Amino acid sequence: MDFDENLASIHAYLCADGYVIRNPEIQKHKYYHIGLRNTNKKLLKDFQRKFEKTFGVKPIIMSDGRCKMGSKEIFFLLTKDFSYYSDKWSLPKLNKKQLSCWLRSYFDCDAWVMVQPGKSRAIGLESINENGLKQIKYVLWEKFRIHASDVKKRKNRNCWYIDICGKDDLLKFKEKIGFLHPKKGEKLKEALDSYETYEWNIPDKKEEFIEFVNKQGRLRNDTKEVRFFSIIKDNLIKLNEKLAIYSIKAKVYGPWKNNRERIYYCLSFNQKELLKLKR
């Protein structure tokens, strides 16, 4: 196929959440189905618009979260050199601009953005196609200088994943690839905005301090511990000093590493200690 930016995006959509299928050879009834499954209407409309622009045919957006059509001619054109099955697709040879479109559409469908300010921020991508993820990792660095983690296998699951972490790499992703998916775009912005400050501003007034503790603390249900996490140990040391004013006994742990090899620290105390703040 002669790729342009629209066809590159269509190809990625089909590899991620799409299908290009025909009837089994033994069946008399012939069909050739092409479609995208996704719950986000903005992505469905983007697929629809680019498909019509490329092939001159407008697929139908269904109420069940699909944009589909049937065409024998387009089926054979799409499958002449490529497979779209989840474990068999491969990245086409594209120029940098086309690659940006391909990656955006693929990440729009299959990626997620995790935001835990002060602890972890990442774009994650998972697939049963190990070689496909290796190709994505390669072009992210080779063409865009975006570092992704090594391709790793999930424990007890037949799938692999990569992560993009760190402010510089997340910013490069935003500027050079980005998300069309609204919620993922907002999450990425939230992740980048959370880098603006690492140091905590711990309030002095008791009412504001209680609010800070309730907002920042995380309750671990199995041990009834209130836990605070930060990549800056001094944040937790200062918090510990403030808690000591109210006779709350806490302890700072770390350094620890999360599953993305990022160092962080933890402050913990028993949930019952919170009663001392109400005195």
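Quick notes
- Residues satisfying the stated conditions in region 63-80, i.e. in a loop (DSSP other than H, G, I, E, B) and in contact with a helix residue (DSSP H, G or I) (Cβ under 9 Å, 6 or more places away or on another chain): G65, S71
Here is a yes/no grid of residues against (1) touching a Lys or Arg at 6+ places or on another chain (Cβ under 7 Å); (2) at positive phi; (3) at pLDDT below 95; (4) not polar (S, T, N, Q):
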{"residue": "T39", "(1), (2), (3), (4)": "no, no, yes, no"}
{"residue": "K42", "(1), (2), (3), (4)": "no, no, no, yes"}
{"residue": "D46", "(1), (2), (3), (4)": "no, no, no, yes"}
{"residue": "K53", "(1), (2), (3), (4)": "no, no, no, yes"}
{"residue": "K58", "(1), (2), (3), (4)": "no, no, no, yes"}
{"residue": "S63", "(1), (2), (3), (4)": "no, no, yes, no"}
{"residue": "S71", "(1), (2), (3), (4)": "no, no, yes, no"}
{"residue": "Y85", "(1), (2), (3), (4)": "no, no, yes, yes"}
{"residue": "K88", "(1), (2), (3), (4)": "no, no, yes, yes"}
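- Residues in region 127-150 that are more than 26 Å from F51 (Cβ to Cβ) and surrounded by fewer than 18 Cβ atoms within 10 Å (Cβ to Cβ): E130, N131, K134, Y138, W141, E142, R145, H147, S149, D150.
- For I34: the one exception among (1) touching a Phe, Trp or Tyr at 6+ places or on another chain (Cβ under 7 Å); (2) under 23 Å from E130 (Cβ atoms); (3) crowded, with 17+ Cβ neighbours inside 10 Å: (2)
- When I146, I210 are checked against the criterion of being within 17 Å of W102 (Cα to Cα) and in contact with a helix residue (DSSP H, G or I) (Cβ under 7 Å, 6 or more places away or on another chain), a single residue qualifies: I146.
- Note on region 1-46: among residues that are part of a strand (DSSP E or B) and in contact with a Pro (Cβ under 9 Å, 6 or more places away or on another chain), the one that is farthest from L78 (Cα to Cα) is L36.
- Just one of the numbered conditions (1) part of a helix (DSSP H, G or I); (2) among the aliphatic types (A, V, I, L, M); (3) in the same structural domain as V115 (by TED's automatic domain parsing); (4) in contact with a Phe, Trp or Tyr (Cβ under 6 Å, 6 or more places away or on another chain) is not true of L171: (4).
- Of all residues in region 166-202, those that are out of contact with any strand residue (DSSP E or B) (no Cβ under 9 Å at 6 or more places or on another chain), buried (at least 16 other Cβ atoms within 10 Å of the Cβ) and modelled with pLDDT under 95 total 1.
- In region 73-108, residue surrounded by the most Cβ atoms within 10 Å (Cβ to Cβ) [restricted to those that are more than 17 Å from E5 (Cβ to Cβ) and within 25 Å of the chain's Cα centre (by Cα)]: W89
- Which numbered condition K249 misses (of (1) out of contact with any strand residue (DSSP E or B) (no Cβ under 7 Å at 6 or more places or on another chain); (2) over 30 Å from K152 (Cα atoms)): (1)
- Restricting region 179-197 to residues that are touching a helix residue (DSSP H, G or I) at 6+ places or on another chain (Cβ under 8 Å) and not in a helix (DSSP H, G or I), the residue that is farthest from Q116 (Cα to Cα) is L180.
- Of everything listed in (1) more than 19 Å from the chain's Cα centre (by Cα); (2) assigned to a helix (DSSP H, G or I), the single unmet condition for K134 is (1).
- Selected residue (only one of V139, V113 is outside any loop (DSSP other than H, G, I, E, B), of a type in the set (A, V, I, L, M) and touching a residue at least 60 places away in the same chain (Cβ under 8 Å)): V113
Residues are listed down the side, and each one gets a yes or a no for (1) more than 23 Å from K184 (Cα to Cα); (2) surrounded by fewer than 15 Cβ atoms within 10 Å (Cβ to Cβ):
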position	(1), (2)
E5	no, no
A8	no, no
A16	no, no
V20	yes, no
K28	yes, yes
F47	no, no
T54	yes, no
S71	yes, no
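- In region 145-165, the residue that is farthest from I263 (Cα to Cα) out of those that are in contact with a strand residue (DSSP E or B) (Cβ under 8 Å, 6 or more places away or on another chain) and part of a loop (DSSP other than H, G, I, E, B) is C159.
- Residue list for region 213-233, restricted to those being out of contact with any Lys or Arg (no Cβ under 9 Å at 6 or more places or on another chain) and free of Cβ contacts under 8 Å to residues at least 40 places away in the same chain: N214, K215, Q216, N221, D222, T223, K233
The values are calculated or read from the model by the stated rules, or taken from the named source; none is laboratory data. Treat the numbers as computed from the prediction; the structure is a model and nothing was measured. With ideal geometry, Cβ positions are generated from the backbone for all residues, glycine too; neighbour counts draw on all protein chains shown.
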